[in-house]
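So the structure is just underneath, and the comments pick up after that.
The values are calculated or read from the model by the stated rules, or taken from the named source; none is laboratory data. Keep in mind the model is a prediction, meaning the values are calculated, not measured. Here Cβ is always computed from backbone atoms with ideal geometry, including for glycine, and neighbour counts include all displayed protein chains. Protein only, heavy atoms only, side chains kept; ligands, DNA and RNA dropped before computing areas. Shrake-Rupley method; radii C 1.70, N 1.55, O 1.52, S 1.80 Å.
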Amino acid sequence: MAKIELIATATFGLEEMVKLEVKKLGYEKMTVENGKVTFIADEKAIPRANLWLRTADRVLLKMGEFKAMTFEELFQKTKALPWEEWIPENGKFPVNGKSIKSQLFSVSDCQAIVKKAIVERLKEVYGIEWFKEDGAEFPVEVALLKDTATLTIDTSGAGLHKRGYRAKANEAPLKETLAAAMVLISRWREDRVLIDPFCGSGTIPIEAAMIGKNIAPGLQRKFISEGWERIPKSEWKSARVEAMKAIRQDVDIRIIGSDVDEKAIEIAKDNAYEAGVDDCIIFSRQEMGQIRSNGKYGYIICNPPYGERLGEKKEVQRLYTRMGKVFGRFDTWSKYVITSDEEFEKLYGKTASKKRKLYNGRIKVDYYQFFGPKPPKSMLGNNRK
């Protein structure tokens with residue numbers, strides 16, 4: 001099977017997480033840059049990467065990369081790429097673009113030139129003058145960065161954060177990819193209790209349960225490349241069967257999600273049911289100060305309010321001070337908090353063991369990590385009550 005280059009795109013700060021996931025899938029030849037992990041694979045990797053990557057945004061097929069200082073150069077080098085290897089006669093290929101610090105700064109012109117170059121290439125190969133574009137879709141992107149053009153075809157369609165389980169969400173939902181990253185960064189294990197006292201529509205508890213049960217995040221959804229002739233239907237079927245067989249039914253997971261919003265809790269319960277993990281999570285309406293557990297060496301992972309709206313800042317800062325006192329009761333636990341408030345540690349009353357810069361949507365945030373003590377070996381697997 002021919003070797004291809006794929007790009008797993010990532011939110012700023014999550015590139016290393018995506019790299020670890022790609023490596024776990026068995027692909028070793030990787031390059032990590034800002035916002036993306038490029039790796040060498042074969043066609044089977046398109047279904048597998050789309051089904052399994054929890055923290056990546058999309059999986060792109062890299063068609064080519066070259067310097068382009070003029071429109072003529074962009075046209076000729078785009079035309080030289082083997083588009084016919086992927087796009088059939090009736091393929092639909094819309095072109096999107098972006099340009100950063102490049103001579104060719106007009107995105108609309110770049111898009112038009114790339115479109116024309118692909119059409120001219122396919123005209124010569126297929127010997128036709130008109131393309132109906134009524135078949136499968138191949139979304140092309142031309143990305144210019146410092147005069148280097150990267151040409152890709154999107155294999156995912158909707159972003160990978162759209163798992164298929166979240167029919168409903170509250171007002172400011174946390175992206176599933178970021179929630180999964182928060183759990184993976186924490187190194188939570190399925191034999192430890194996990195509490196999210198600000199669970200909203202349940203994204204962190206659900207992503208944690210899916211990780212604990214080894215449920216592929218893309219198992220319930222479709223991908224745009226499922227309609228491509230180049231990838232046999234049998235490859236998609238094989239990848240899905242592999243993912244189904246990998247689900248762990250033998251694990252005993254205890255996750256607790258709570259929130260003051262009754263409506264959010266009802267949504268969270270529905271979402272957990274849709275995700276197939278409702279048996280792993282107890283959701284309840286309660287205020288943050290009411291969280292309790294007799295378990296030792298557990299994890300608190302949460303996305304509390306940030307106070308981004310006018311008038312909310314002081315209220316949220318008071319909440320952070322209370323969090324320090326409430327979470328302090330869980331003296332053997334590890335705590336992980338994401339927020340945009342740069343004064344969080346001061347308000348919380350403790351300096352984080354580690355913090356990591358991330359983005360929640362367009363909001364710059366820090367992921368504060370407070371490591372708990374390591375449990376004695378005699379306690380492992382016996383800490384839930």
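Structure summary
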read-out	value
Residue check, residue 242 surrounded by fewer than 23 Cβ atoms within 10 Å (Cβ to Cβ) and either farther than 23 Å from residue 137 by Cβ or free of Cβ contacts under 8 Å to residues at least 24 places away in the same chain (or both)	yes
Strands (runs of 3 or more DSSP E) contained entirely in the stretch 4-63, each with at least 3 residues that are open to solvent by less than 40 Å² (accessible area, probe 1.4 Å) and touching a helix residue (DSSP H, G or I) at 6+ places or on another chain (Cβ under 9 Å)	4-9, 36-41
Filter result for the condition that a residue is more than 16 Å from residue 54 (Cβ to Cβ), acidic (Asp, Glu) and touching a Gly at 6+ places or on another chain (Cβ under 7 Å), over 259, 279, 250	259
Residue in the stretch 374-382 that is within 15 Å of residue 186 (Cα to Cα), exposed (fewer than 15 other Cβ atoms within 10 Å of the Cβ) and at pLDDT below 95 present	yes
Test result for residue 351, without any contact (Cβ under 8 Å) to a residue 60 or more places away in the chain, among the β-branched types (Val, Ile, Thr), touching a Gly at 6+ places or on another chain (Cβ under 8 Å) and open to solvent by 20 Å² or more (accessible area, probe 1.4 Å)	no
Condition met for residue 173 (in contact with a strand residue (DSSP E or B) (Cβ under 7 Å, 6 or more places away or on another chain) and open to solvent by less than 60 Å² (accessible area, probe 1.4 Å))	no
Total residues in the stretch 297-354, condition among the polar types (S, T, N, Q) and over 30 Å from residue 376 (Cα atoms)	4
Residue list for the stretch 103-130, filter: open to solvent by 20 Å² or more (accessible area, probe 1.4 Å), on the phi < 0 side of the Ramachandran plot and not in a helix (DSSP H, G or I)	103, 105, 106, 128, 129, 130
Condition broken by residue 202, with the remaining ones in (1) touching a residue at least 24 places away in the same chain (Cβ under 8 Å); (2) open to solvent by 30 Å² or more (accessible area, probe 1.4 Å) satisfied	(2)
Identity of the residue in the stretch 245-270, open to solvent by 70 Å² or more (accessible area, probe 1.4 Å) and in a helix (DSSP H, G or I), that ends up farthest from residue 296 (Cα to Cα)	245
Scan of the stretch 64-80 for residues that are among the aliphatic types (A, V, I, L, M) and crowded, with 17+ Cβ neighbours inside 10 Å, ordered by number	68, 74
Among the residues listed as 336, 273, 320, 367, the single one being under 24 Å from residue 211 (Cβ atoms), part of a helix (DSSP H, G or I) and of a type in the set (Phe, Trp, Tyr)	273
Some residue of the stretch 276-287 being β-branched (Val, Ile, Thr), more than 26 Å from the chain's Cα centre (by Cα) and part of a loop (DSSP other than H, G, I, E, B)	no
Single match in 135, 159 (criterion: of a type in the set (Gly, Ala, Ser) and either within 30 Å of residue 210 (Cα to Cα) or crowded, with 24+ Cβ neighbours inside 10 Å (or both))	159
Condition met for residue 166 (without any contact (Cβ under 8 Å) to a residue 24 or more places away in the chain and open to solvent by 50 Å² or more (accessible area, probe 1.4 Å))	no
Flag if residue 19 is out of contact with any Leu (no Cβ under 9 Å at 6 or more places or on another chain) and basic (Lys, Arg)	yes
